[in-house]
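Asker: Have a look at the structure that comes next, please.
Taken together, the values in this text are just the output of simple stated rules run on the coordinates, not laboratory data. Computed from a prediction, not measured in an experiment: that's the story for all the values here. All Cβ positions, even for glycine, are placed from backbone atoms using ideal geometry, and neighbour counts span all protein chains on display.
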Amino acid sequence: MKISYDDIIVASATKISTQAISIIRVSGEGTIGLINSLIDKELEPKNGFYLRKIIHEGHVIDECLFLVFIKNHSFTGEETVEINCHGGIFLVEKIIELVLSKGARLAAKGEFSQRAFLNGKIDLIQAESINNIIHSKNNLALKLNAKMLIDKNNKKLQDIKENFINNISILQTAIDYPEYDETQNTTSEIVLRDLLNIKKELVNIIDNSQKYNYINSGIKTLILGDTNVGKSSLLNSLINEDKAIVTDIEGTTRDIVEGTIRFKNFNLNLIDSAGLRKTSDVVELKGIEKTTKLIDEVNLILFVINKEKYDINLYNNIKEKEHIVVLNKADLLTETDIKTIKKSFNNLIIVSAKKNDINELKKELERRYDQEKILDEDVLILSNISHIELLKKVLESIDLIESNIIQGFDIDIIMIDLRNSLDIINNMLGIFDSNEEILDNIFRKYCLGK
């Protein structure tokens, strides 16, 4: 069913459950009038909060606090009323039912945020940040997403946008007014330097977004190694629960076992894998196949070894990937043992998983992944893969423009890709028509005939 954005919409902004207070949000043109038809005394059409009684069939069903937001002063940019009522399940559903009976409809998932985007109150980055704040699982994710939320029309994207507008304006002026002296020497090469600067900035944004993606999604971490080296013990010690079965029998872990460890500023999404060995056990073989596939999918490998068991060939296959070599069963090692093993592996982290002696591993993980310093840096981090892909499309367009300029293509051809790139950036910023901006820029910066 196609959604009409002219409708008044309603939904509970809090979970519908038995609780002290619930909030019901109503938004759309005519919302104040609709709510006035349900209460004992009318709300004023101005920003404010009012204590009113909801009347149904001549009886009061609740006394609520009504927050009124006039158009352009609400989250959605529309006339909005938020009803703070008591939190009974039946009561909340009854109030929503009454609002629906007056002509509103239930909001679709995310529709309030979608209307905020369409009305220019937030951009796509902010919209994604709202969702990320709700699902944040560590301090850094919460702070970073809040930073992205309040930074409307992120300056880096705005600068890139302005650069595109300026260069389109220069070339458009040359096309439309070729007889003017100031445009007669204009060629497409004049924009190339600016485009290469844009390209450099886009590469930085994409690289940072991919590098720090784990802040929201967690670090997908595979615990890998030979059978019976203590992989399951390490998983249990890290998550502080007996999730994986631990025995001295080789091949005990036959399938993937998962768990999560939460650090202050990041999460590890741990996967305990089947030990890699030759076996005829059908179930174990399936687990080994999954493990082999996961090697190429994860962000980090904890390569677990002990004194008796470490597969150098397996290590050589994964050593170019992000990894930490974990020497387990430290309580059974001598100094000579450690020195001998260090000859094969650099930067060993030594633990005793069964004795919960894993502090050195935790310190190494924090050293690598606790990046709270980025909050003080001027970086843009996109958490949505689709946004990253959009910027990659802009990069592809710039590469094509560069190639076309070198080959001597006409300005008209160059303009097509410039406009397409600008459209992508504008869409991310919540702007859907750049023509007016380009015209404004032409007449503001190029006084052609006043």
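Asker: Would you call Ile95 among the aliphatic types (A, V, I, L, M), out of contact with any Lys or Arg (no Cβ under 9 Å at 6 or more places or on another chain), closer than 21 Å to Ile385 by Cβ and buried (at least 17 other Cβ atoms within 10 Å of the Cβ)?
Answerer: Working: among the aliphatic types (A, V, I, L, M): yes; out of contact with any Lys or Arg (no Cβ under 9 Å at 6 or more places or on another chain): yes; closer than 21 Å to Ile385 by Cβ: no; buried (at least 17 other Cβ atoms within 10 Å of the Cβ): yes.
Spelling it out, it is not the case that Ile95 is among the aliphatic types (A, V, I, L, M), out of contact with any Lys or Arg (no Cβ under 9 Å at 6 or more places or on another chain), closer than 21 Å to Ile385 by Cβ and buried (at least 17 other Cβ atoms within 10 Å of the Cβ).
Asker: Same structure again: Counting only residues that are among the acidic types (Asp, Glu) and touching a helix residue (DSSP H, G or I) at 6+ places or on another chain (Cβ under 9 Å), how many does the stretch 361-376 have?
Answerer: Our first condition is that a residue be among the acidic types (Asp, Glu); within the stretch 361-376, this holds for 364, 366, 370, 372, 376.
Still in the running and touching a helix residue (DSSP H, G or I) at 6+ places or on another chain (Cβ under 9 Å): 370, 372.
Here the count works out to 2.
Asker: Checking Ser386 against (1) part of a helix (DSSP H, G or I); (2) touching a helix residue (DSSP H, G or I) at 6+ places or on another chain (Cβ under 6 Å); (3) hydroxyl-bearing (Ser, Thr, Tyr), which test does it fail?
Answerer: (2)
Asker: Has the stretch 386-396 got any residue that is over 19 Å from the mean Cα position of the chain (by Cα) and touching a residue at least 60 places away in the same chain (Cβ under 8 Å)?
Answerer: The answer is yes, given that some residue of the stretch 386-396 is over 19 Å from the mean Cα position of the chain (by Cα) and touching a residue at least 60 places away in the same chain (Cβ under 8 Å).
Asker: Another question about this same structure. Do we have Ala330 as small (Gly, Ala, Ser) and more than 22 Å from Thr291 (Cα to Cα) here? If you could, list the steps in order and put the result at the bottom.
Answerer: Values: small (Gly, Ala, Ser): yes; more than 22 Å from Thr291 (Cα to Cα): yes.
Considered against the rule, which asks whether it is small (Gly, Ala, Ser) and more than 22 Å from Thr291 (Cα to Cα), Ala330 comes out as yes.
Asker: For the stretch 69-104, give me each residue that is among the small types (Gly, Ala, Ser), out of contact with any Gly (no Cβ under 8 Å at 6 or more places or on another chain), within 23 Å of Gly48 (Cα to Cα) and free of Cβ contacts under 8 Å to residues at least 60 places away in the same chain.
Answerer: Within the stretch 69-104, just Ser74 meets the criteria.
Asker: Follow-up question, since we're still on this one. Would you check if Asp399 is over 14 Å from Leu124 (Cβ atoms), assigned to a loop (DSSP other than H, G, I, E, B) and of a type in the set (Asp, Glu)? Walk me through how you get there before you give the answer.
Answerer: Details: over 14 Å from Leu124 (Cβ atoms): yes; assigned to a loop (DSSP other than H, G, I, E, B): no; of a type in the set (Asp, Glu): yes.
So Asp399 does not fit the description; no.
Asker: Being crowded, with 19+ Cβ neighbours inside 10 Å and within 30 Å of the chain's Cα centre (by Cα) is true for just one of Arg52, Arg115. Which residue is that? Give the derivation first.
Answerer: Values: Arg52 fails: within 30 Å of the chain's Cα centre (by Cα).
Only one candidate qualifies: Arg115.
Asker: Quick test of your reading of the structure: Thr76 fulfils all but one of (1) more than 22 Å from Asn119 (Cα to Cα); (2) under 32 Å from the mean Cα position of the chain (by Cα); (3) among the β-branched types (Val, Ile, Thr). Name the failing condition by number.
Answerer: Unmet for Thr76, out of (1) more than 22 Å from Asn119 (Cα to Cα); (2) under 32 Å from the mean Cα position of the chain (by Cα); (3) among the β-branched types (Val, Ile, Thr): (1).
Asker: Let me ask something additional. Those residues that are buried (at least 21 other Cβ atoms within 10 Å of the Cβ) and touching a Gly at 6+ places or on another chain (Cβ under 7 Å), I need them from the stretch 20-33; list them, please.
Answerer: Ser22, the sole residue that qualifies.
Asker: Ok, one more. Among the residues of the stretch 125-141 satisfying the criterion of being β-branched (Val, Ile, Thr) and farther than 22 Å from Ile424 by Cα, which is surrounded by the fewest Cβ atoms within 10 Å (Cβ to Cβ)?
Answerer: Going through the qualifying residues, I end up with Ile134.
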